[in-house]
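**Q** Below you will find the structure I want to go over with you.
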């Protein structure tokens with residue numbers, strides 16, 4: 001026993017010098033422009049394989065580092081990536097000189113998010129003493145950062161996912177609305193300077209604030225303490241939807257008394273947009289107040305913002321109309337009234353929002369974040385409506401030359417179009433027709449402008465607990481609840497000189513005879529004469545409730561990291577009708593059936609670290625997801641009917657990635673596949689023959705999204721770097737779903753038929769895409785050039801054209817009709833296309849920590865005006881004249897620019 005004690009003492013003594021070869025490193029990161037501390041900046045100590053994130057005052061502290069030369073990678077969503085080299089001593093404390101980094105030079109119109117995680121902000125947290133978090137490299141994703149913005153002009157979608165699969169949080173509170181499942185970007189329009197900080201998780205990564213989503217998750221941090229002290233004024237010129245933009249913001253920073261204030265006012269304006277007939281009017285505001293107390297243990301934050309906007313819209317049109325006018329940006333929505341331009345489709349939107357959030361640092365390893373929000377989104381869009389009169393839309397197919405078979409009439413209309421006499425809305429004629437009708441029909445409108453409202457009152461609650469158990473394990477728990485009331489109705493916007501509009505469905509009269517009960521839009525208020533601002537046609541609410549709870553465990557070791565998470569959720573929705581529709585008297589008024597869904601989700605991932613620079617990452621997830629109320633109701637404006645046997649969709653997703661970070665080359669190569677089953681969707685269109693709106697719903701629809709992604713950044717030297725981001729993918733339907741047609745005039749009632757979509761591509765986005773960029777930096781000048789490519793883009797299929805019954809009379813031996821069948825059922829593929837973008841920027845450092853920043857981005861410098869970016873098939877068809885009902889298309893604008901000047905003071 002005595003010999004054992006001697007041996008133990010000798011070993012302990014021998015090991016003491018080895019254990020002592022550790023040092024602590026402290027420092028502060030500052031903004032090279034303003035000299036203020038830079039928060040949310042990530043420092044990666046590559047040789048030691050450790051990482052730390054600066055706190056709200058720019059400080060960092062990393063203990064127990066091995067001695068020797070060390071390379072530090074400094075990165076974050078709001079700075080330019082930088083590398084420095086330091087010599088770490090064998091022991092003691094290395095207090096580094098202030099580190100200065102340049103802010104990001106990306107265009108100011110992007111909502112930039114830093115990649116810092118909230119649970120790493122506490123520099124007293126012992127969790128910093130761990131191997132390098134693979135999440136740091138994975139989140140600094142070249143592919144995601146480059147391809148999303150550069151290819152936005154092609155309507156590119158990451159992995160082909162719908163926007164509802166992207167989650168957005170603000171200060172830890174979930175902000176995807178429950179009706180459509182998407183985030184309202186317009187609500188934060190022109191407050192860009194306050195939406196640049198936050199967390200981001202790609203795909204189904206482990207997260208600090210949410211269970212996650214296949215399309216990624218972002219948490220925008222608008223707490224006042226995260227903004228550096230000072231003011232910033234921004235002026236922008238562009239030739240896009242608006243011409244000018246301005247913002248003025250000021251922040252006190254975190255003051256010694258624990259208070260922080262940040263405010264912003266801004267706006268965007270164009271009396272005449274680049275596309276004829278469009279305009280843009282917008283103001284914006286934001287105020288963030290924060291109080292930290294008990295030495296930063298508690299933080300209470302209140303944020304409020306809003307961005308009311310009014311804008312004139314552009315619509316797609318037929319290729320024939322574009323060719324007649326030699327203008328692929330032709331807009332059929334506008335015309336002259338008394339010599340002035342007037343748009344028939346004007347959107348007004350305002351989503352005032354308030355968020356109250358609290359952070360409680362329970363101990364150095366435990367943090368509780370809670371938040372509540374309330375917002376009331378008011379959205380309305382005007383549109384022409386008509387009763388017993390010709391269709392007033394200028395590009396209505398009967399107004400186009402191709403509608404006329406005789407050459408004389410065809411040429412007559414061709415001349416009219418080319419002289420621009422029929423190519424726009426004839427407002428003066430609409431007034432004239434109403435005036436003449438007034439003498440006969442007691443002032444009832446033939447033509448009118450209606451306003452369709454979609455308001456949403458929504459409140460949310462979220463709470464998240466982040467716990468560092470030890471140097472290897474983390475636990476995250478979260479709960480959430482949300483209540484929404486969607487208010488759908490329409491009002492009279494303009495009677496165009498008439499006295500009133502009679503609130504009946506005149507199209508149902510034609511089909512059902514003179515049965516006034518069936519034609520009434522509201523049996524409780526029959527033959528209502530609606531006047532300016534009166535509600536008519538339809539009015540209903542959809543009430544939606546949801547709750548969820550989730551758990552996540554993360555484990556980190558020297559060569560392997562892994563995590564798993566699970567979630568349980570509940571969703572319910574119910575329609576409440578305020579009008580008793582004459583076509584559906586027993587199924588339109590009052591409270592409808594309440595629908596309930598219980599869902600679950602699981603995800604897991606593992607990262608194998610060959611060393612600090614090479615990683616292999618794999619993730620897998622499975623979840624059930626309740627249908628959106630916006631899709632579940634077949635004809636919600638007139639009835640409570642939903643799809644039969646409503647059920648949750650199933651989503652199975654997996655991806656494998658090789659990630660590397662070398663001194664000069666960083667990148668990721670990934671393969672992914674996502675299988676969707678039991679999806680539902682609804683397409684609504686106006687049927688000229690039935691003179692009513694048709695709702696065509698699809699049920700039990702399956703879809704596959706799979707592909708390969710590559711992202712690379714090569715740093716040639718301190719001045720030059722090269723970026724590449726590219727994907728080759730397939731997004732297609734993998735079965736033939738059941739469809740059901742219903743008309744709002746009651747003529748068509750739940751006509752069920754299989755829709756043949758199997759192996760057709762999902763339309764509306766490129767499935768092969770990429771961007772190659774070169775960047776150059778010298779003396780605070782920044783130059784960039786990108787070549788962008790988009791291919792394998794398909795036109796979305798109209799379900800009506802995929803019904804076997806439409807082709808039952810076709811003689812397979814008749815070559816003419818067989819050709820029509822192929823024209824109507826084949827899927828149109830757009831031409832592959834490419835654009836070139838250039839950018840230049842300059843930062844000027846002025847006295848007293850002031851600075852100016854100039855940025856100019858010119859997109860599509862080759863002025864290619866023939867790039868189709870989307871469209872849709874006409875829902876009508878004629879097998880004897882396959883080209884009679886053509887598709888509508890959208891085109892990319894030609895050369896366009898974005899010039900931005902900002903002044904920090």
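Here, each number is a calculation from the coordinates, and none is a lab measurement. Please read these numbers as outputs of a predicted model, since none were measured by experiment. Counting neighbours? That spans all protein chains shown, and the Cβs are built from the backbone with ideal geometry, glycine included.
**Q** Suppose each label sits 7 Å from its Cα in the direction of the beta carbon; what would the residue 887-residue 720 distance come out to in nanometres?
**A** With each label point 7 Å from Cα toward Cβ, the separation is 4.2 nm.
**Q** Now a separate question. What is the fewest-to-most order of 238, 51, 476 by other Cβ atoms lying within 10 Å of their Cβ? Intermediate values should be presented prior to the final figure.
**A** On the way: 238 19, 51 25, 476 22.
By the 10 Å Cβ count, ascending: 238, 476, 51.
**Q** Please work out the FRET efficiency for the pair residue 473 and residue 618, using the Cβ-Cβ distance as r and a Förster radius of 22 Å; give the result to the nearest 0.05. Each step should come with its number before you reach the end.
**A** On the way: r = 20 Å, r/R0 = 0.91.
E between residue 473 and residue 618, to the nearest 0.05, is 0.65.
**Q** Okay, next question. For residue 310 and residue 560 in the same chain, what is the full-extension length gain: residue separation times 0.36 nm, less their Cα-Cα distance, in nm?
**A** Details: separation 250, 0.36 × 250 = 90.00 nm, distance 5.25 nm.
Here the answer is 84.7 nm.
**Q** I would also like to ask the following. Which value in nm describes the separation of the simple spin-label points at residue 416 and residue 832, placed 7 Å from the Cα toward the beta carbon?
**A** 4.3
**Q** Go through (1) -0.78, -1.11, -1.35; (2) -0.63, -1.02, -1.48; (3) -0.84, -1.09, -1.25 and flag the label whose value is the computed log10 I(q)/I(0) by the Debye sum over Cα atoms at q = 0.07, 0.09, 0.11 Å⁻¹ for this structure.
**A** (2)
**Q** With each pseudo-label sitting 7 Å past Cα toward Cβ, what's the residue 378-residue 432 distance in nm, one decimal?
**A** Calculated label separation equals 3.7 nm.
**Q** Let me ask you something else. Cα centroids of segment 163-232 and segment 345-378: how far apart, whole angstrom?
**A** After rounding, the separation between the Cα centres reads 10 Å.
**Q** Take the Cβ-Cβ distance between residue 738 and residue 822 as r, set R0 to 35 Å, and report the resulting FRET efficiency rounded to the nearest 0.05. Intermediate values should be presented prior to the final figure.
**A** Details: r = 24 Å, r/R0 = 0.70.
The calculated FRET efficiency here is 0.90.
**Q** If packing is taken as the average number of other Cβ atoms within 10 Å across a peptide's residues, how do 206-216, 376-386, 275-285 rank, most packed first?
**A** Numbers: 206-216: 25.1, 376-386: 18.2, 275-285: 19.7.
Highest-to-lowest ranking by the protection proxy: 206-216, 275-285, 376-386.
**Q** In nm, what is the difference between 0.36 nm times the number of residues separating residue 84 and residue 669 and their Cα-Cα distance?
**A** On the way: separation 585, 0.36 × 585 = 210.60 nm, distance 2.68 nm.
Taking residue 84 through residue 669 to full extension adds about 207.9 nm, to one decimal.
**Q** Could you give the angle, 0 to 90 degrees to the nearest 10, between helix 407-418's Cα long axis and the longest principal axis of the Cα atoms of the chain?
**A** Orientation of helix 407-418: about 40 degrees from the principal axis.
**Q** A further question follows. Is the shape of segment 807-905 rounded, prolate or oblate, going by the alpha carbon gyration tensor and its root eigenvalues a ≥ b ≥ c, with a/c under 1.5 for rounded and a/b larger than b/c for prolate?
**A** Prolate, because a/c is 1.5 or more and a/b exceeds b/c.
**Q** If you average the alpha carbon positions of segment 738-759 and of segment 652-698, how far apart do those two centres end up, in angstrom?
**A** Cα centroid of segment 738-759 versus Cα centroid of segment 652-698: 23 Å apart.
**Q** Let me ask you something else. Compute the helix-to-body angle for 815-825: its Cα long axis versus the longest principal axis of the chain, expressed 0 to 90° and rounded to tens.
**A** Approximately 40 degrees, to the nearest 10.
**Q** Oh, and also: Hey, can you rank 650-662, 431-443 by average C-beta count inside 10 Å, highest first?
**A** Numbers: 650-662: 18.2, 431-443: 15.1.
Put in order of decreasing packing, that is 650-662, 431-443.
**Q** Another question, if that's okay. Round to the nearest 10 and give me the degree value, 0 to 90, for the angle of helix 427-441's Cα axis relative to the longest principal axis of the chain.
**A** That helix lies at roughly 50 degrees to the long axis.
**Q** If we sort 764-774, 822-832 on the protection proxy, mean other Cβ atoms within 10 Å, highest first, what's the order? Don't skip to the end; give the middle numbers.
**A** Working: 764-774: 20.8, 822-832: 14.6.
Going from most to least packed, we get 764-774, 822-832.
**Q** Work out how much length residue 265 to residue 901 would gain on full extension: take 0.36 nm times their residue separation and subtract the Cα-Cα distance, in nm to one decimal.
**A** Roughly 227.3 nm would be gained on extension.
**Q** Also, quick follow-up: As a test, work out the antiparallel percent of DSSP beta bridges whose residues both lie in the chain, rounded to the nearest 5. Intermediate values should be presented prior to the final figure.
**A** Values: 334 of 347 bridges.
Here the share of antiparallel DSSP bridges comes out near 95 percent.
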